[in-house]
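The values are calculated or read from the model by the stated rules, or taken from the named source; none is laboratory data. What you see is a predicted model; the values in this text were computed from it and never measured. Using ideal geometry, Cβ is built from the backbone for each residue, glycine included, and neighbour counts are taken over all protein chains shown. Protein only, heavy atoms only, side chains kept; ligands, DNA and RNA dropped before computing areas. Shrake-Rupley method; radii C 1.70, N 1.55, O 1.52, S 1.80 Å.
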Amino acid sequence: MWNVQTTASSTRGDAGLAPLVRAIDRQAPYQRIATEEAWNIPEVLEAQVRLLQSDHAPDDSSLRMAGMFSKLPELQAQLMDLGPRRLKRMDELGIAKQLLLLTAPGVQVLEPGEGTALARLANDRLAQACRAHPDRYAGLTVFAPQDVKGAIAEIERGMTKLGFNGAVLNSHFRGHYLDERPYWPILEALEAHDAALYIHPTIPPSSWSQPYEFRGFGGALAGFPHEVWMHTMGLIMAGVFDQFPKLRLVIGHMGEAMPLQLYRFDWMQSNADGREGLRGGGPAVKLKHKISYYFHHNIWITTSGQGWEPSVQFCMQVLGPERVIYAMDYPYQQSADEVAAYDHFDLSPEHKKMLMQTNAEQVFRLT
Ligand code: CA
């Protein structure tokens, strides 16, 4: 059973819903594969800061977020290390393998040509790290969607030459989303290469970030989950999964809370499904299925930052145990207490192993 931490041994003044402090099971009958683990390269950070400080800086809330992160040297040191320091921390936390995603907002806040060039550089570096530590690291291809041709080429290179296990997008790019028609060739390429697409949050676009930034909610408190929710619902309602039925999407943070809403999504589907005049006056899109169908056929979720049993149990129940994948969210959230909590979840041995190891192996083709 789940217990709220109330003992004096808590390291926090008010532990809230933090798990009871217990030990990590060092003999667990599963490997822990963490699937939303962040990294970065100095060149990307430098290019972001350069653009932000230039006289032609775009009005881009994501770029401003990058500037804010650039002022956190300890965080950047952890993001940029793929060597002994990270491996030691993984050992301490009992993590067998990290799936590495170039951290938000990544290359997609840059100008198209520079974005693709830096995506190539980041992918080359990541491939090198994965070759050096094949048992400890796997990686997702990063691409710059603002350059469609370059993005497709980089997805192909990542999947055929660099040995990557899918692709990562840090959600919107200067307010654009992959459900817009000019970007569908990217979705086609992802499907053709059997590359699961991980959509990782960023702050909402400048056109609707002000109420969040005004209150300090641009990140995990509201902006991040709402922004990926928009992107995911946009893909579904644009008919992307009817057009590309084998396209596989992964979203973190318990599916950004969307699984809680499946019943109502289906009930209210006609708000947008089959309606004329949406998306700037484009033709009506009529979906082949209920919204919940796509959560059972095209979408997987990870548990990043959510070491909380009721939430994990609920999602495994409504989506199926094969659709929920463990993630930590290193280095932003890293906690031995959370790892230990997973070890003590009230799940069958079979489902526990699916959650911690084998679902990741299957979705990201790790074996
Ligand atoms: Ca993350």
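Using a Förster radius of 25 Å, what is the FRET efficiency between GLN313 and ARG22 based on their Cβ-Cβ separation? Nearest 0.05, please.
Values: r = 18 Å, r/R0 = 0.71.
Once the sixth-power term is evaluated, E becomes 0.90.
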Where only alpha carbons of segment 33-363 are counted, the Rg and the Dmax (Å): 18.9, 58
Cα gyration tensor, segment 88-231 - rounded (a/c under 1.5), prolate or oblate: oblate
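What FRET efficiency comes out for ASP59 versus MET268 if R0 is 30 angstrom and r is the Cβ-Cβ distance? Round to the nearest 0.05. Could you put the intermediate results ahead of the total?
Numbers: r = 33 Å, r/R0 = 1.09.
Calculated transfer efficiency: 0.35.
Whenever you get a sec, compute what percent of the accessible area on segment 33-363 sits on carbon and sulfur atoms (1.4 Å probe). Please report the intermediate quantities before stating the final value.
On the way: 7390 of 13230 Å².
Here it works out to 56 percent.
Divide by every residue of the chain the summed helix terms, -39500 (n - 2.57) for each DSSP H run of at least 4, and state the resulting mean residue ellipticity at 222 nm, rounded to the nearest 500 deg cm²/dmol. The partial results should precede the final answer.
Working: 18 runs with 162 residues, N = 367.
The helix contribution divided over the chain gives -12500 deg cm²/dmol.
Please find the FRET efficiency linking LYS71 to SER207, where r is the Cβ-Cβ separation and R0 is fixed at 30 Å, and quote it to the nearest 0.05. Write out the running numbers ahead of the final one.
Details: r = 25 Å, r/R0 = 0.84.
With a Förster radius of 30 Å, E is 0.75.
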Mean Cβ count within 10 Å, highest first, over the residues of peptides 37-47, 169-179: 169-179, 37-47
Cα gyration tensor, segment 259-342 - rounded (a/c under 1.5), prolate or oblate: prolate
Backbone HN-Hα couplings from phi across segment 282-297 [Karplus 6.51/-1.76/1.60, Hz, Gly and Pro as x]: x, x, 5, 10, 10, 6, 7, 9, 5, 4, 4, 4, 5, 6, 9, 10
Distance between segment 182-199 and segment 41-66 - C-alpha centres, whole angstrom: 26 Å
Relative packing of 269-279, 203-213, which averages over residues the other C-beta atoms within 10 Å, highest first: 203-213, 269-279
Gyration tensor (alpha-carbon) shape descriptor, segment 177-221, a/c threshold 1.5: oblate
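Please work out the average accessible area per residue across the chain, using the 1.4 Å probe convention, and give it in Å². Don't jump to the answer; show the numbers that get you there.
Numbers: 15890 Å² over 367 residues.
Value for the chain: 43 Å² per residue.
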Set of segment 153-197 residues, backbone N closer than 12 Å to the point 7 Å along the Cα-Cβ line of ALA284: none
